[in-house]
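To start, the structure under review is shown below, and the notes come after it.
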Amino acid sequence: MEKYMGFSLKNKFSIGGFYTKYSLSEIIKEPNLKLVREGLYYCKKSESTFLFVDLVKVNKPKRFRFNDKFQGEYFHWDSQTTQHINSPKIQEIVNKEVDVHLFCREYPKIKNKTQPFIYCGILDYLEYDEGTSKPVHIIFQSLDYDDETSHEHL
């Protein structure tokens, strides 16, 4: 399937809006997204990568307790444990060939009910921690960060 060059998904989502992988798959018309269990999705119809992040990791196995966190307008993210800085998909992020969309939630489930993700906007790659690999620790700047937001979920 051919990618739509320059096609942006930015206007498809609302900052602070709630989304499930199922609803996102319908919005962007990519049925495979609703089947994805990982925290990453590489869009096939646009030049976008989605990061799905659970911020609280207390019930996760130690190998999945990634150092994902907000620090003001910066977002720290750990890649999958199989990736290094020269992995092709990491290179797309580093070289800014894709828009990186961040979807976060505090907990994956509350009282056995799967929680939706909150759309946090587009991330801009800044740097990575050279001492990291498998996972790579990447620091982004949030282009949609607003420290004066009144949105309670942001």
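The values are calculated or read from the model by the stated rules, or taken from the named source; none is laboratory data. None of these values were measured; they are calculated from a predicted model. A quick note on method: Cβ atoms are made from the backbone with ideal geometry, for glycine too, and the neighbour counts reach across all protein chains shown. Each accessible area value is taken on the protein alone, full model and side chains, heavy atoms only, with ligands, DNA and RNA left out. Shrake-Rupley method; radii C 1.70, N 1.55, O 1.52, S 1.80 Å.
General remarks:
- Residue ID - most open to solvent (accessible area, probe 1.4 Å), chosen from residues in region 7-37 that are of a type in the set (Lys, Arg) and not in a helix (DSSP H, G or I): Arg37
- Any hit, region 94-111, residues being part of a helix (DSSP H, G or I), out of contact with any Leu (no Cβ under 8 Å at 6 or more places or on another chain) and surrounded by 12 or more Cβ atoms within 10 Å (Cβ to Cβ): yes
- Of all residues in region 38-68, those satisfying the criterion of being at pLDDT 85 or above and either more than 25 Å from Glu97 (Cβ to Cβ) or open to solvent by 80 Å² or more (accessible area, probe 1.4 Å) (or both) are Lys44, Asp54, Leu55, Val56.
- Leading residue by the ranking (farthest from Asp124 (Cα to Cα)) among those in region 74-88 that are free of Cβ contacts under 8 Å to residues at least 60 places away in the same chain and open to solvent by 70 Å² or more (accessible area, probe 1.4 Å): Thr82
- Residue list for region 1-21, restricted to those being modelled with pLDDT of 70 or more and more than 17 Å from Asp99 (Cα to Cα): Gly16, Gly17, Phe18, Tyr19, Thr20, Lys21
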